[in-house]
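The values are calculated or read from the model by the stated rules, or taken from the named source; none is laboratory data. This one's a predicted model, so the numbers in the text were calculated from it and none came from an experiment. Backbone-built Cβ (ideal geometry, glycine too); neighbour counts: all protein chains shown. Heads up: the accessible areas ignore ligands, DNA and RNA and are worked out on the full protein's heavy atoms, side chains in. Shrake-Rupley method; radii C 1.70, N 1.55, O 1.52, S 1.80 Å.
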Amino acid sequence: MLLRRCVPFAAALFLLLPTGEVRAQSDQDRAAARSLATQGAEAFTSGRFEEAIDLLGRAEALVHAPTHLLLIARAQARLGRLVAAKETYLRIVREELPPAAPSPFKRAQQDAREELAAIEPRIASLRIALEGAAGRKIGVKLDGQPVADALLGVHRPIDPGNHVVTVVPPGLAPIEQGLTIGDGERKELKIPVPEGPAVVPPPGGSVEGQGTWGGGQTEVPPVAPPGTPERKTNAVMLGGGITATALGLGGIVVGSVFLAKGSGTQKDANDLSAARGCESPGVGGDCGPLIQAKIKALDSDAASQQTIGVIGLIGGGVFLAGGVTLLVLELTAKPEPASSAWIAPYVTPTGLGVRGAF
């Protein structure tokens with residue numbers, strides 16, 4: 001009988017003369033609400049109660065009708081959500097319908113009274129008591145949802161079935177306790193709460209207001225013991241040390257390459273001079289002006305390459321020494337308040353060196 005009346009209830013809103021609240025809706029909203037209500041009633045009849053609640057809730061959001069709420073309450077009751085169903089039934093019962101309201105609306109209100117009286121005795125009651133809390137703010141969750149502090153230590157309505165209570169004492173692992181409660185059963189759940197570690201407040205302030213969990217547990221960030229300096233990395237010194245070390249190694253490599261190349265060029269000049277007899281003028285040989293010019297050019301190239309090599313080695317050594325110094329100073333620095341000391345290598349057209357301030 002109940003299921004046969006579902007679809008007519010959903011459609012009655014539009015088959016009969018609408019109330020003033022319904023008239024305020026647009027034709028598009030009424031058409032959409034009618035379609036959603038019909039789909040929701042069909043889902044309810046087929047046992048798809050979650051889908052029915054969703055569709056009828058959408059219809060109710062567009063156009064209010066007690067018939068929508070009645071089917072929602074029935075679907076909630078079928079899913080075992082008796083507490084939610086009671087609240088939905090109460091919305092229907094407490095509504096003041098005008099004398100000209102459609103008869104399905106009045107019948108829905110009467111059915112809501114009867115069905116509310118039927119489910120009220122089935123709603124269970126649970127009291128969660130924390131033993132050893134000693135005034136601490138302890139987070140409590142019921143089936144994953146936070147429990148307000150005002151609901152701790154008193155009986156509250158709860159759906160029959162299986163539930164999980166989670167308690168998280170400050171500084172300790174969560175405590176989970178399951179329970180099963182039957183229709184209309186009145187149960188008390190006592191959960192011992194062990195003592196947690198001492199909380200160290202931050203210097204010059206209170207731990208209150210630093211964040212809450214669930215029902216109001218205060219979260220306290222870790223505080224370093226007094227007198228323990230904090231180790232901070234000097235990003236400028238560390239980055240400068242790495243960069244200078246890399247430049248120093250590169251300079252040494254380039255200097256070594258140019259010195260080796262200069263030595264090879266000088267050897268080519270010496271070999272050419274010896275082969276053409278340029279080292280013993282007047283003793284024969286073929287050391288003409290062109291050969292002498294070529295030997296001179298090779299000597300000049302060798303000198304330039306060796307000069308670049310020497311500069312590269314010196315510059316690379318300076319940068320390497322500066323970079324290593326910076327890294328050593330940073331890595332071996334004691335954890336003290338940041339100071340203005342700094343050190344860095346420099347290169348100018350007239351010289352190389354390291355400068356800093358202490």
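Just wondering, is there one or more residues in the stretch 105-128 that are over 25 Å from GLN76 (Cβ atoms) and surrounded by fewer than 16 Cβ atoms within 10 Å (Cβ to Cβ)? The answer is no, given that none of the residues of the stretch 105-128 is over 25 Å from GLN76 (Cβ atoms) and surrounded by fewer than 16 Cβ atoms within 10 Å (Cβ to Cβ).
Only one of the numbered conditions (1) open to solvent by 40 Å² or more (accessible area, probe 1.4 Å); (2) modelled with pLDDT of 95 or more; (3) outside any strand (DSSP E or B) is not met by THR180, and that is (3).
Per the listing GLY216, GLY196, GLY264, the residue uniquely at pLDDT below 75 and on the phi < 0 side of the Ramachandran plot is GLY196. Comparison of PRO281, PRO229 shows that the only residue that is touching a Lys or Arg at 6+ places or on another chain (Cβ under 8 Å), modelled with pLDDT under 80 and not β-branched (Val, Ile, Thr) is PRO229.
GLY317: open to solvent by less than 60 Å² (accessible area, probe 1.4 Å) and at pLDDT 75 or above, yes or no? First the steps, then the outcome.
On the way: open to solvent by less than 60 Å² (accessible area, probe 1.4 Å): yes; at pLDDT 75 or above: yes.
It is true that GLY317 is open to solvent by less than 60 Å² (accessible area, probe 1.4 Å) and at pLDDT 75 or above.
If I go through the stretch 105-158 residue by residue, how many of them are out of contact with any strand residue (DSSP E or B) (no Cβ under 7 Å at 6 or more places or on another chain) and either of a type in the set (Gly, Ala, Ser) or assigned to a loop (DSSP other than H, G, I, E, B) (or both)? Qualifying residue count for the region: 11. The set of residues in the stretch 75-107 being among the aliphatic types (A, V, I, L, M), closer than 17 Å to GLU60 by Cβ and modelled with pLDDT under 95 consists of LEU97, ALA101. Taken together, the residues in the stretch 27-63 that are open to solvent by 10 Å² or more (accessible area, probe 1.4 Å) and outside any loop (DSSP other than H, G, I, E, B) amount to 24.
Looking for something surrounded by fewer than 21 Cβ atoms within 10 Å (Cβ to Cβ), among the aliphatic types (A, V, I, L, M) and out of contact with any Phe, Trp or Tyr (no Cβ under 7 Å at 6 or more places or on another chain) - is there at least one such residue anywhere in the stretch 64-81? Talk me through it step by step, then tell me what you get.
Narrowing the stretch 64-81 to residues surrounded by fewer than 21 Cβ atoms within 10 Å (Cβ to Cβ): 64, 78-81.
Add one more test, that the residue is among the aliphatic types (A, V, I, L, M), and what stays is 79.
Next cut, out of contact with any Phe, Trp or Tyr (no Cβ under 7 Å at 6 or more places or on another chain) only: none.
Checked against the condition, which is being surrounded by fewer than 21 Cβ atoms within 10 Å (Cβ to Cβ), among the aliphatic types (A, V, I, L, M) and out of contact with any Phe, Trp or Tyr (no Cβ under 7 Å at 6 or more places or on another chain), the stretch 64-81 yields no hits at all.
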